Amino acid sequence: MKLRLERITDVDDPALLPVSVFFKKCFPRTGYDLNIFKKFLEKSRRKKYEHSDWFMLYLYDSEKENSDHVLGLLYAFAIIKKPDVNFVMTYYIATNPDSRGKGLGKYLFLEAQKQYFDPQARKAGFEGISGYFGEIEKEKDENDADFDARIEFFRRLGYKKIDLDYVFPDIGNNFDTCSDYSLIFLPTDKIIQKEFIDNTTLINFLQEYFRAGYSQNKPTETKELIHIKEQMTRWVRLLPLEDKI
């Protein structure tokens, strides 16, 4: 097996169809399909916010003639802005059920960091990405057989739960403020403190994240960001991931 990690940047990429089918099998509750991913790619191509970038990455065996057999995917959003916002939001990461238990998820994550995220940060003058955020369900859905595996995967990578009541804005589809997820964080070697996150760092990231991902036409300080800020002390604790977070 010769693993290869590729990025999809164009709606005409022939890999987009098998990757979107694979995504739908892994995350059926999202409702994401080929047309939605095409819209994301179009939005990314004509993005108005210069400090953000979408990454749709997929892993496959390059020794096989048919590269439609997707072994894994990672869907992420990087926000890199001087002087101190240099982070990635990992939205979705999954591996083929037939290939699990072989370390492909960790390989996918580390290769994405090496091939895509750190180089992106270095282009902006940073040494590399400072940390990885993520959003994960607070409660296990009885129909979600992979919930425990996701928690364990993020735990093994080193992610921790940020100790606050996390909410984020609607995404333009008439959704109300969402509070069903916890915010998790993986500090890299660029961050010395591993048990806490500085509240200024956290607010700066969320401000740019909400603006770029959700609220480009809204005020910089959304009600969700104000709610988060009201909870904070100077340092926000990073807690171990538990089965129920």
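If each residue of separation counts as 0.36 nm, what is the full-extension length gain between Lys2 and Asp189 once their alpha-carbon separation is subtracted? Don't jump to the answer; show the numbers that get you there.
On the way: separation 187, 0.36 × 187 = 67.32 nm, distance 2.87 nm.
Fully extending the segment from Lys2 to Asp189 adds 64.5 nm.
Show me 72-83, 10-21, 107-118 ranked by packing, highest mean number of other Cβ atoms within 10 Å first.
Highest mean packing first, the order is 72-83, 107-118, 10-21.
For all pairs of alpha-carbon atoms in the stretch 1-65, what percent lies in each bin of width 5 Å, listed from the first bin to the last filled one?
Spelled out bin by bin, the stretch 1-65 gives 3, 16, 24, 24, 17, 11, 4, 1, 0 percent.
Here is the link list: Lys81/Lys102; Lys39/Lys102; Lys64/Lys102. Which ones come out longer than 30 Å on Cα distance?
Beyond 30 Å between Cα atoms: Lys81/Lys102; Lys39/Lys102.
Sort Phe168, Phe87, Phe196 so that the residue with the fewest other Cβ atoms within 10 Å of its own Cβ comes first and the one with the most comes last.
Lowest to highest Cβ neighbour count: Phe196, Phe168, Phe87.
Roughly what would the spin-label model give for Thr177 and Asp198, points 7 Å off Cα along C-beta, in nm?
2.7
With r as the distance between the Cβ atoms of Arg155 and Met232 and R0 = 25 Å, compute the FRET efficiency 1/(1 + (r/R0)^6) and round to 0.05. Please list the in-between numbers first.
Working: r = 24 Å, r/R0 = 0.97.
Efficiency, rounded to the nearest 0.05: 0.55.
We did not get these values from a lab; they are worked out from the coordinates using the rules stated. In this text the structure is predicted, and so the values were computed from the model without any measurement. Neighbour counts run over all protein chains shown; Cβ positions are idealised from the backbone, glycine included.
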